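J.: Right, I'll just put the structure down here and ask away after.
The values are calculated or read from the model by the stated rules, or taken from the named source; none is laboratory data. What you see is a predicted model; the values in this text were computed from it and never measured. Ideal geometry is used to build each Cβ from the backbone, glycine not excepted, and the neighbour counts take in all protein chains shown. Side chains included, ligands, DNA and RNA excluded: accessible areas come from the protein's heavy atoms. Shrake-Rupley method; radii C 1.70, N 1.55, O 1.52, S 1.80 Å.
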Amino acid sequence: MSIEIIPDGKGKGKNRKPLLIEAGIVAAIAVIVLFVLPPIFTGLGAGFQIGLLGRFMALAIAALGIDLIWGYTGMLSLGHGLFVALGGYALAMYLQLQIPAGQIPDFFQLYGVSELPTFWQPFYSFPFTIVAIFAIPMLVGGILGYLVFRNRIRGVYFSILTQAALIVFFNFFNGQQKLINGTNGLKTDTTTIFGAQVGSPPVQAVFYGLTVILLVAAYALCRWLTSGRLGRMLVAIRDDEPRVRFSGYNPTGYKVLVFAVSAGLAGIAGALYTVQSGIITPAQMNIAPSIEIVIWVAVGGRASLVGAILGALLVNFAKSTLSAQFPEVWLFFQGALFLAVVTLLPSGIVGWLRTEGIQNLRSLLGLRQPVATYPSLETDPEVKYERQSVGNRESDG
Amino acid sequence: MLSGILDGIFNGISIGSVLLLAALGLAIVFGLMGVINMAHGELMMLGAYTTFVVQNGFKQLGGVWFELYIFVALIAAFVVAAAVGLVLERGVIRYLYGRPLETLLATWGVSLILQQFVRSVSWQFVVGLGLFCLLYFGATTLLARRANWQQIRSWAIAILLPISAGIAIAIALVAGQMYKLPFTQPWFGAQNKDVTAPRWLRGGIPIGDYQLPSARLFIIGLTIACLIGIFLFLQKSPWGLRIRSVTQNRSMSACLGIPTKTVDALTFAIGSGLAGVAGSALGLLGSVGPNTGQNYIVDTFMVVVVGGVGKLVGSIVAAMLIGTANYVIGANVLQPLVAGSPALSSFFEFFATASMAKVMVFALIIVFLQFKPAGLFPQKGRTIDA
């Protein structure tokens, strides 16, 4: 561990520089993804891939949210599909209402409903919908988080409670045909937004651009949250929550806040994903999709924001290629992926690159390994033996 | 009115006993190792499929034998699920102790693999898998005798894995071409399978004008038998004593010479075996499919959360409470009591379906946890990590 020096007024200029470089890199990548990739792919006749990329980038926003609570704060949520779906439903309800005044969406007639349910009314308003996309998930996440965290329920208990909450909402949306069209979900691609059809290429291109911009914004938000004092508090909660409590801090507020922010990010992701895939159904709230978000983060690298985005894109592209060609193999592959990431690559791709990857590269290039401790310790066979046989045992017990 | 109450009690206990049977193994394992096994539902499914296979075998024998197959099936389901659980513990979970969240993910991966396994298992698949294991593990065992094994290990695995996988797949494909359909046809496929209950479990026992279904009575009896068995095992046998001591204090038990790793493996195998028995019982209630287990895991997790860790009685009370609450809300049993107030009446009406009852029960669980965050019967101690 290194002792970090809290920057005073003079040191600030020095710290700004790497941040500016990072911002430049992010902006450059965003510009490439926005303006260079679409023409190339369409030119190659693979415009379909751009649509996929847009969707997966939307999902990467949700992965950032999971990274925030799992990678940094150590709370594993198995119920984030709930927030994705809430955001998706909020936007889908607005789009369903873009019909001539006095009419109600078609599906209501199937179930003999003649009057719009009350909770649909606010979704006539565009500003309300935009706020609702992240505010409703934040509210639900905040309430659930408060009720759970204030009782110091954490670890596995928290995980399975989020999963139960997910299943509860799944049952609710699945069963309420008259309120929200039940299992069939809400379609968005045939609806209109500002007079243009949502499924048409120009509108999809706009959503693609919006996704890239919001992904960058989400990245910036998470970067800001995790870098300052709040970020250090989150890591402290992850590493030793009782100690944080003994030091006089109350972790509940921080945990509720970060959980709500993460839920809000998932809501935005859900809205963007829904308009690009054309439909939102309660299936999004089944058990599997939520755990998949977690595995993207695990593959990319926990506690690394870049890793979350990278993992979401990699795993989703692997899924779309593999499951289309060998549907039977995909589940085996996914199961193996879970096992392999957890046992062999616990810090994910980015974590591996940061530690062993750099070491391997150095040894390939014939450079000397960096030494973290005294050189004599590194060559001591007894120390080496102890590291191998006893080093990882501290968790046992 | 009387039959209504009787109906409510019986159905509540009946749903609760299925839950309890399913949650029992999970609760024991969680109490001992702090591990939630997401593949628990799939172990139940394996038990159910074992019952299906045993039933098919006994159908060939016919007659009296078929009436008794369920007892053989229960034992077989226990053995199969326990064996799979043992492999799971030795192969995966023991590397992840102290990292419960990662264990959740790993066992979820196992559950996906098991689901797809029962869908696509065929002779071709089994031959390929067996061949791969033989080649890969045989070669690694041979190479492990070499003195420089630690140095060549990663290289050896990187080379052996694709080679043995390639050979196994190639031979399985060639054999599939040679023997055609009987060889490549999946054993179970993706469709649900029906388990036929023996005749004596199909009827019911009439009490007045109300009929108690025998299958459900059998499951209640089975649950009680399993509870007594587990209770005796934990309280009276030497290994039970060791399991209890490791549950209370792992480090101290290890210091006193208890082989904690063996205890872990044994407990996990028993917990998995109980899941197999639960799955076997489920086969009597409905058809069996690759997704059978998924429907039960969340409910069984809730039993563990409400019941608390380390005491059987917690699981029993929690399972019965959740089962009864599910039934009472889902079937709107309280209807006569609230008929006076239209607001309450319509409120209960809204939740009176099986899926909406779950919504209500979850809300009740969250409220309950506000008062007892560690469950009904929490383990007493001074640890901060309780």
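J.: Calculate, in nm to one decimal, what B:Ala225 and B:Ala156 gain on full extension: separation in residues at 0.36 nm each, minus their alpha carbon distance.
T.: Between B:Ala225 and B:Ala156, full extension yields an extra 19.9 nm.
J.: Could you sort B:Leu256, B:Leu86 by accessible area so the largest value comes first, with the probe set to 1.4 Å?
T.: B:Leu256, B:Leu86
J.: Which of these, B:Phe58, B:Phe183, B:Phe301, has the largest mean-square fluctuation under a Gaussian network model of chain B (Cα springs below 10 Å)?
T.: Its mean-square fluctuation being the largest, the pick is B:Phe183.
J.: Oh, and also: State in Å² the accessible area per residue of the stretch B:122-185; use a 1.4 Å probe, count heavy atoms of protein chains only, and round to the nearest integer.
T.: Each residue of the stretch B:122-185 exposes 71 Å² on average to a 1.4 Å probe.
J.: Kindly report, to the nearest 10 Å², the accessible surface of B:Leu181 as traced by a 1.4 Å probe over protein heavy atoms only.
T.: Accessible surface of B:Leu181 is approximately 110 Å².
J.: Sorted by accessible area (1.4 Å probe), largest first, how do B:Val317, B:Val79, B:Val309 line up?
T.: Descending accessible area places them as B:Val79, B:Val317, B:Val309.
J.: In nanometres, what is the gap between the two model label sites at A:Leu19 and A:Asn184, each 7 Å from Cα along Cα-to-Cβ?
T.: Placing both labels 7 Å along Cα→Cβ, they lie 5.2 nm apart.
J.: On to the next question. List nothing, just return the count: lysine pairs in chain B, 8 or more apart or interchain, with Cα separation under 23 Å.
T.: Taking chain B as the scope, the lysine pair count is 9.
J.: Take chain A, mark every one of the GluC sites (Glu not before Pro) that falls in a DSSP loop and has at most 16 other Cβ within 10 Å, then report the longest stretch left between them, sites excluded.
T.: Counting at most 16 other Cβ atoms within 10 Å as exposed, the longest clean stretch of chain A is A:116-397.
J.: Going from most exposed to least, what order do B:Asp194, B:Asp7, B:Asp264, A:Asp240 have by accessible area with a 1.4 Å probe?
T.: The most accessible residue leads, giving B:Asp194, A:Asp240, B:Asp7, B:Asp264.
J.: So, one more: What does the C-alpha gyration tensor say about the overall shape of the protein assembly as shown? Classify as rounded when a/c is under 1.5, otherwise prolate if a/b is larger than b/c, or oblate.
T.: rounded
J.: Something else about it: What percent do you get for the relative contact order of the stretch B:122-185 when only Cα pairs under 8 Å and 6+ apart count?
T.: Relative contact order for the stretch B:122-185 comes out at 61 percent.
J.: In chain A, which longest range has no trypsin sites (Lys or Arg not before Pro) that are both DSSP loop (not H, G, I, E or B) and surrounded by at most 13 other Cβ atoms within 10 Å?
T.: A:11-367
J.: Quick check: pseudo-label points 7 Å beyond the Cα along Cα→Cβ at A:Leu44 and B:Leu6, how many nm apart are they?
T.: 7.3
J.: For the stretch A:43-194, take the convex hull of the Cα atoms, compute a quarter of its surface area, and give me that in nm², please.
T.: The orientation-averaged projected area of the Cα hull of the stretch A:43-194 comes to 11.8 nm².
J.: Summarise the partner chain shielding of B:110-117 as one whole number: the mean count of Cβ atoms from other chains within 10 Å of each residue's Cβ.
T.: Partner Cβ neighbours, averaged per residue: 6.
J.: With a point put 7 Å past each Cα toward its Cβ, work out how far B:Val79 is from A:Asp240 in nm, to one decimal.
T.: 5.1
J.: Taking a ≥ b ≥ c as the square roots of the Cα gyration tensor eigenvalues, with a/c under 1.5 meaning rounded and otherwise prolate when a/b beats b/c, else oblate, which class fits the stretch B:1-112?
T.: Since a/c reaches 1.5 but b/c is at least a/b, the shape of the stretch B:1-112 is classed as oblate.
J.: Considering every residue in A:323-330, what mean count of other chain Cβ atoms within 10 Å of its Cβ is obtained?
T.: Going residue by residue through A:323-330 and averaging, the value is 1.
J.: For a quick check of understanding: with a 1.4 angstrom probe and all protein chains in place, what accessible area in square angstrom does B:Phe348 have, to the nearest ten?
T.: Surface open to solvent at B:Phe348 totals about 40 Å².
J.: Using only helices, what value at 222 nm comes out for the protein assembly as shown when you add -39,500 (n - 2.57) per DSSP H run of length 4 or more and divide by the total residues, to the nearest 500 deg cm²/dmol?
T.: -23500 deg cm²/dmol
J.: What is the calculated FRET efficiency for B:Gln335 to A:Leu116, with r their C-beta to C-beta distance and R₀ = 22 Å, to the nearest 0.05?
T.: With R0 = 22 Å, the Cβ-Cβ based efficiency is 0.15.
J.: How much solvent-accessible surface does B:Thr292 expose, in Å² to the nearest 10, with a 1.4 Å probe and all protein chains in place?
T.: 20
J.: Could you tell me which of rounded, prolate or oblate describes the stretch B:122-185, using a ≥ b ≥ c as the square roots of the eigenvalues of the alpha-carbon gyration tensor, with rounded for a/c under 1.5 and, failing that, prolate when a/b is larger than b/c and oblate otherwise?
T.: Cα axes put the stretch B:122-185 in the prolate bin.
J.: OK, next. Keeping every protein chain present and rolling a 1.4 Å probe, give me the accessible area per residue for chain A in Å².
T.: Per residue, chain A has 51 Å² of solvent-accessible surface.
J.: A further question follows. Which FRET efficiency value, to the nearest 0.05, is calculated for A:Gln103 and B:Leu285 with the Förster distance at 45 angstrom and r the Cβ-Cβ distance?
T.: E between A:Gln103 and B:Leu285, to the nearest 0.05, is 0.50.
J.: State which stretch of chain A is the longest one without any exposed chymotrypsin sites (Phe, Trp or Tyr not before Pro), exposure meaning a DSSP loop state and at most 13 other Cβ atoms within 10 Å.
T.: That gives A:195-397 as the longest site-free run.
J.: I need the calculated FRET efficiency for the pair B:Val87 and A:Phe35, taking r as the beta carbon distance and R₀ as 51 Å, to the nearest 0.05.
T.: Once the sixth-power term is evaluated, E becomes 0.45.
J.: What does the structure give for A:339-352 when I average, per residue, the other chain Cβ atoms found within 10 Å of the residue Cβ?
T.: Rounded to a whole number, the mean comes out at 3.
J.: Find how much the distance from B:Val174 to B:Lys261 grows on full extension, using 0.36 nm per residue of separation minus their present alpha carbon separation; answer in nm with one decimal.
T.: Between B:Val174 and B:Lys261, full extension yields an extra 27.1 nm.
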